[in-house]
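Only one structure is covered here, and it is reproduced in the block below.
The values are calculated or read from the model by the stated rules, or taken from the named source; none is laboratory data. What you are looking at is a predicted structure, and each value in this text was computed from that prediction instead of being measured. Neighbour counts run over all protein chains shown; Cβ positions are idealised from the backbone, glycine included.
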Amino acid sequence: MTALSKRAMGMKYIKRAASTVACLVFAYVAALAFPRPLFSHHMVYQNYEIWSDQAIPPEISSVLDDTTRRLRTSELYKPDWTIRVFFCNANWRMWLYGGHFTSKIGGGADTILTRNVYLRSSDIAANRLNAPDGGPLNDAAVRPLSYFIAHEAAHIIESREFGRLMYFRHPIWLTEGYADYVGKGGNFDFAENRRLLMSDDQLLDIRRSGLYRRFQLEVSYLINNGLSVQQIFARPPNEDDLLKALKKNPHTE
Ligand SMILES: [Zn+2]
């Protein structure tokens, strides 16, 4: 084979690979944009539209009532906004829609394209999200299923208020900290979590615990000091400075 024909063959493979990648990207975006055909069960409750790949038990109404109670702790929440939630009981659906190409997450929010919320396998009747490894859920006492729905819905609220690119424009301690602030619905002991921060407890370290407690503590500190959510998102402080202030000032409950 001449050098010229080798080059032509190479170009042919590159073009074929590029068109395959383009087709996969198109299929992925189409699946993200139109998820409903892949979820056979659907119901509407108040301002919630719920889809699932399994039958939806009637207890969903009390789970959503508790979700609303949590969302009302946000000054940005508007009750007339429709919140779309998709339950992915099959791992492959969570992998596809969770936004991280893994099924080992609690949920995800598509803040850019559809503003849909996705939750992993859940026991709706027990108001419980099933842990990815099948064991007990980390920090389960303060994280029922309604917490997870409210946390992901809070990301949709952030997206509506601060734009579809808010994840890129704001630090993670703020976007996740505020989502947890809303998701916990007031069930957060500021003094106790500050004490755990001071003692370098693993619960306050996301790398060791996988929890957003430190981020929530930081956001709570700013809100407790009188800042509105708009003010915080407009000018987020440096996280190191914020942590220093938080450790120095104990009377911020
Ligand atoms: Zn989140």
The strands (runs of 3 or more DSSP E) lying entirely within the range 1-89 that contain at least 2 residues which are under 27 Å from the mean Cα position of the chain (by Cα) and β-branched (Val, Ile, Thr) are 83-88
* For Leu246, state whether it is modelled with pLDDT of 95 or more and either part of a helix (DSSP H, G or I) or crowded, with 16+ Cβ neighbours inside 10 Å (or both). => no
Among the residues of the range 161-212, the number that are within 15 Å of the ligand (Cβ to nearest atom) and either surrounded by fewer than 16 Cβ atoms within 10 Å (Cβ to Cβ) or not small (Gly, Ala, Ser) (or both) is 21
### Message
Checking the structure you have, find out if any residue of the range 29-36 is in contact with a helix residue (DSSP H, G or I) (Cβ under 7 Å, 6 or more places away or on another chain) and modelled with pLDDT of 85 or more.
### Response
yes
When the range 115-160 is checked residue by residue, the ones that are surrounded by fewer than 15 Cβ atoms within 10 Å (Cβ to Cβ) and in contact with an Asp or Glu (Cβ under 9 Å, 6 or more places away or on another chain) are Ala125, Ala126
When His155 is run through (1) more than 27 Å from Trp81 (Cα to Cα); (2) part of a helix (DSSP H, G or I); (3) not β-branched (Val, Ile, Thr), the failure sits at (1)
Note on Ala55: of the conditions (1) within 17 Å of Ala153 (Cα to Cα); (2) among the hydrophobic types (A, V, I, L, M, F, W, C); (3) modelled with pLDDT of 95 or more, unmet is (1)
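Being in contact (Cβ under 8 Å) with a residue 60 or more places away in the chain, touching a helix residue (DSSP H, G or I) at 6+ places or on another chain (Cβ under 9 Å) and of a type in the set (Gly, Ala, Ser) narrows it down to one of Ser62, Ser52, so name that one.
Ser62
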ask   = What do you reckon, is Ile112 without any contact (Cβ under 8 Å) to a residue 60 or more places away in the chain, surrounded by fewer than 16 Cβ atoms within 10 Å (Cβ to Cβ), among the aliphatic types (A, V, I, L, M) and under 23 Å from Arg160 (Cα atoms)?
value = yes
Scanning the range 124-152 residue by residue, those more than 14 Å from the ligand (Cβ to nearest atom), assigned to a helix (DSSP H, G or I) and touching a helix residue (DSSP H, G or I) at 6+ places or on another chain (Cβ under 7 Å) turn out to be Ile124, Val142, Leu145, Ser146
Restricting attention to the range 62-85, the residues that are farther than 19 Å from Phe162 by Cβ, surrounded by 16 or more Cβ atoms within 10 Å (Cβ to Cβ) and not aliphatic (A, V, I, L, M) number exactly 5
Answer yes or no: is there a residue in the range 149-156 that is hydrophobic (A, V, I, L, M, F, W, C) and over 21 Å from Phe233 (Cα atoms). yes
Gly226 vs (1) in a helix (DSSP H, G or I); (2) free of Cβ contacts under 8 Å to residues at least 40 places away in the same chain; (3) over 23 Å from the mean Cα position of the chain (by Cα): all pass except (1)
Scanning the range 95-123 for residues that are within 15 Å of the ligand (Cβ to nearest atom) and among the β-branched types (Val, Ile, Thr), the one farthest from Tyr212 (Cα to Cα) turns out to be Ile112
